[in-house]
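Below is one structure, written out as structure tokens, with a few remarks after it.
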Amino acid sequence: MTEQIQPLDPIIAEMERRWRDSGIPGIYDGGNGPVSRERARNVRALLYPKPALAAGRLERFDIPGPNGAIVVEAVRPLEGEPIGTLVYFHGGGYIIGDIDSHQAHAIRFANRARTVVLNVDYRLAPEHPFPHGVDDAIAATRWAGAHLDRLGGAGKPLAVGGDSAGGNFAAVAAIMCRDSGIRLAAQVLLYAATDMTNEGNPDIRKAYFGDSYEQSCRSLKASPVLAKLDGVAPAIIGVGSHDFLCQSNRAYAAALRAAKVPLTYREFPTLNHGFFSYTAISPACTAAADRICDDLRALLARSPP
């Protein structure tokens, strides 16, 4: 559903004004991983701390990956039996973000959609360039599919999801599940970067893809919009009309529809990129995040056993 564009949420507009006035440089300026991560922590602490959400049991552990162990955190619903499992990949331009920065995302999904969320701490660029991060995401999805009894329950539906760069990984993982015969009930794509051939900050692209980034961007592991999408899992797309990725999210939605993939498309007319991270300061962001969680819960509840 596309709604008529409206002015940016005034709370977010004020946050962006404060960011400009703070003197903190752009997070990705220079493509330096440690510097970018420190800037991101400072910006979050100053402008949009993560919401204080009551959580069910949290369990952090390692799973095997193609390049070594992958740290994950399983987040259980605060109340009730889970109805499924969601493997979640955080955003951050492939360079920043971790389990802690997106823990509240996982808790919200766990509680509101009543799922066990496996929050994945995949490898980050530039220390670990393409395809390390996406290979971790694929490995985590495979592991979850083989260990549902340890997560949301054997015989219960499996979903993937992520925001921004993590949404890219979720879309790629959904294609992998189709091709590998792993049954997937849903893919949740929050303002996902699905076309790396022409999107994004050049520093991000160069940091993640390295010296061959122009060629790497055309890999189906980088740009899922280039893949054949017939038969992938039902999709939920959430994006703000003020998001710099809005047009590409509309294009991916159109590609899914053309492939006859069941789709719930949510475009929020007052929101921008990253709205799921702003729920502690913006009621509009909270409402949008809750709506996406409700969409996932409804889709999982309809998934056949």
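The values are calculated or read from the model by the stated rules, or taken from the named source; none is laboratory data. This is a predicted model, so every value here is computed, not measured. Quick reminder, even Gly has a Cβ in these numbers, built from the backbone with ideal geometry, and neighbours come from all protein chains shown. The protein model used for the area step is the full one, side chains on, heavy atoms only, and it has no ligands, DNA or RNA in it. Shrake-Rupley method; radii C 1.70, N 1.55, O 1.52, S 1.80 Å.
Let me spell out the model: positive unit charges on the Cβ of Lys and Arg, negative unit charges on the Cβ of Asp and Glu, origin at the Cα centre of the chain. What dipole size does that give, in debye rounded to 20?
Values: 32 positive and 32 negative charges, 123 e Å.
Once rounded to the nearest 20, the dipole reads 600 debye.
Each residue was assigned an accessible area with a 1.4 Å probe, and for V232 the value is about 10 Å².
Can you classify the range 32-76 as rounded, prolate or oblate using the Cα gyration tensor, where a ≥ b ≥ c are the square roots of its eigenvalues, rounded means a/c under 1.5, and otherwise it's prolate if a/b beats b/c and oblate if not?
Since a/c reaches 1.5 but b/c is at least a/b, the shape of the range 32-76 is classed as oblate.
Equivalent-ellipsoid semi-axes for the chain (Cα gyration tensor, √(5λ), whole Å, largest first): 26, 22, 20.
Accessible area of E79 (1.4 Å probe, protein heavy atoms only, ligands and nucleic acids ignored): about 140 Å².
Quick one: grab the alpha carbon gyration tensor of the range 200-305, order the square roots of its eigenvalues as a ≥ b ≥ c, and give me rounded if a/c is under 1.5, else prolate or oblate depending on whether a/b is larger than b/c. Cα axes put the range 200-305 in the oblate bin.
Aspartates and glutamates within cross-link reach of K206: Cα-Cα under 17 Å, excluding same-chain residues under 8 positions apart? Within the straight-line limit of under 17 Å, K206 reaches these aspartates and glutamates: D29, E127, D195, E214. Helix content alone sets the calculated 222 nm mean residue ellipticity of the chain: runs of n ≥ 4 DSSP H residues at -39500 (n - 2.57) each, divided across all residues, give -12000 deg cm²/dmol. For the range 36-169, the Stokes-Einstein estimate of translational diffusion at 20 °C and a viscosity of 1.002 mPa s comes to 144 µm²/s, using the Kirkwood hydrodynamic radius over alpha-carbon pairs. Of the residues S241, C177, Y208, the one whose Cα sits farthest towards the positive end of the charge dipole of the range 173-252 is C177 (charges of +1 on Lys and Arg Cβ, -1 on Asp and Glu Cβ, taken about the Cα centre).
Cross-link partners for K228 among the lysines, with Cα-Cα distance under 23 Å and sequence neighbours closer than 8 places in the same chain left out: K260.
So which trypsin sites (Lys or Arg not before Pro) in the range 42-81 end up in coil per DSSP with only 13 or fewer other C-beta atoms within 10 Å? Walk me through the numbers before you get to the answer.
Values: sites: R44, R57, R60; in loops: R57.
In loop regions of the range 42-81 (DSSP not H, G, I, E or B), the sparsely surrounded trypsin sites (Lys or Arg not before Pro) are R57.
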